[in-house]
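Quick note: the coordinates plus some simple rules give every number you see, no bench work behind them. The model shown is predicted, which means the values in this text are computed figures rather than measured ones. All Cβ positions, glycine included, derive from the backbone under ideal geometry; neighbour counts span all protein chains shown.
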Amino acid sequence: MYITKTEGRVIDSLFEGEKRFDALSKKLSIKKPNLSNCLKGLEEKGVIRTSRIGRGKMIALESWIARDIDSLISRIPQLKISDLILGRRAFLI
């Protein structure tokens, strides 16, 4: 599964917790149409789930993703989520 840089930024942000679509767009400085396309791809890959609340949309990581990332970070504190997601090699000192 290939994750783009933008998708990695979204996952990194969602690791902090569930976010509203508008807040995520603003926080990451991503135009809404671009974010919508990005979220569609992540949802198809099974990485995120979305739900409607009124007229708004809530986005969250699937529980297995959050649990696995949290487990890795607890074992390797210097590991950055974005490095893990984008496949960069982590050099441990």
Potential lengthening between Asn34 and Ile73 on full extension [0.36 nm per residue; Cα-Cα distance subtracted]: 11.1 nm
Those lysines that a straight Cα-Cα span of less than 21 Å connects to Lys45, excepting residues fewer than 8 apart in one chain: Lys5, Lys19, Lys32, Lys57
Net +/- balance of residues flanking Ser63 in space, Cβ distance below 14 Å, scoring K and R +1, D and E -1: -2
